[in-house]
1. Where does each of 225-232, 183-190 land if you order them by average Cβ count within 10 Å, highest first?
2. What residue among Ser87, Ser111, Ser176 has the largest mean-square fluctuation in a Gaussian network model of the chain, using Cα springs under 10 Å?
3. Sort 296-305, 118-127 by the packing proxy (mean of other Cβ within 10 Å over each peptide's residues), most packed first.
4. State, in angstrom, two size descriptors of segment 191-309 derived from its alpha carbons: Rg to one decimal place and Dmax to the nearest whole number.
5. For Lys28, give me every one of the lysines with a C-alpha distance below 16 angstrom, ignoring sequence neighbours fewer than eight places off in its own chain.
6. In vacuum, with every alpha carbon of the chain counted as one equal point scatterer, what does the Debye formula give for log10 I(q)/I(0) at q = 0.06, 0.12 Å⁻¹? Two decimals, please.
7. 222 nm [θ] for the chain, helices only, -39500 (n - 2.57) per DSSP H run of 4+, per residue, to 500?
8. Is the C-alpha gyration tensor of segment 33-164 telling us rounded, prolate or oblate? Criteria: a/c under 1.5 is rounded; beyond that, a/b larger than b/c is prolate, otherwise oblate.
Amino acid sequence: MVALTENGADTGPQSDAYQKLNADAKRKLLWSNIDGSAYADEALPMSDPSLLATLPLVWPPYLKKTFLNGGDELEPGRIKVIHTYGSTAKVALQFAPTAGGAARYTGVYGSDCSGLARISMARLAFDSFTPGMALKVLVNGRPSINMVAMYSLDGQGKDRNLFSNTWSHFLAKPASFPLKVVGAAFHMALPLISSERSGRPLDEEHMPLLEGAQVGPDGAPVNVVRAPHQLLYKPTPEVTRLYAPHMAADIRVALRKIPAGTVLWEVWAKPSEAAPEERIGRIVTESEFVTSKYGDEKLYFQHQRHRGD
């Protein structure tokens, strides 16, 4: 791995010094490891973790750490047993109001943020094409805010266009038996995350957003918090057309065809379950996608857990 240093000091993502850095410095350090460990096309890993390696997915004490372990790197000894292989790009999350009005939501959901987006497959060998993504918003002097989204736990069948469907962090219950088993394990893990209902997700299919509304990218805490109930990531016609000619290829190769400056998703939000959707921003690439050993083995996205109700 590329050594992460800033002015000669150890600022690796496992260090206390790293968390004190500003958002731009953190992203620079993470990107140096991602870009510095990029795979050549002929060296892409092609084997999913073994069945034995995936057994922790049905062990609730293992699953709870997805919500409780902080930092931007996996803790030593922990591996990605699902969504193992993917590709990462630098992105701008443009959530600040453009007409000069007040943002409807607070924290990162009402600000322009710098971050990383990682798009991955749940498993390479699934019969149904099952992509998902994780977003990391870097924050000055504080832990990052992370968001995850998919179209469906069961995937989108034979449709191999990553950008065919709207993605969200609210998902329907899976139909397949193996995923139902994993879902049951996640359900049993929830009380281990917190004894307070407000300190854990409602259930295994609904990931909350409160933490992202409590702090801005500048690290300043929010006094009056307004969090969206749900976010929806709607691919633009541009990126759908751009990706379509390459969708027969491995997604890690196909994603490299997307240039910097591409709007990947328009982001829509619902303030409540019954409320209509409203557009709050967009996500734009600030680099090409890079497939790397560091992104697959070390880069970590802690799931939000607080829902405040």
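1. Going by the mean number of other Cβ atoms within 10 Å, highest first, we get 225-232, 183-190.
2. Between Ser87, Ser111, Ser176, it is Ser176 that shows the largest mean-square fluctuation.
3. Top of the packing list down: 296-305, 118-127.
4. Spelled out, the Cα radius of gyration and Dmax of segment 191-309 are 17.5, 49 Å.
5. Within the straight-line limit of under 16 Å, Lys28 reaches these lysines: Lys20, Lys90, Lys136, Lys298.
6. Values returned for q = 0.06, 0.12 Å⁻¹ are -0.18, -0.79.
7. -5000 deg cm²/dmol
8. Cα axes put segment 33-164 in the prolate bin.
Each value in this text was obtained by applying a stated rule to the coordinates, not by laboratory testing. Just so we're clear, the structure is a prediction, and the values are computed from it rather than from any experiment. Glycine gets a Cβ as well: all are built from the backbone with ideal geometry, and neighbour counts include every protein chain shown.
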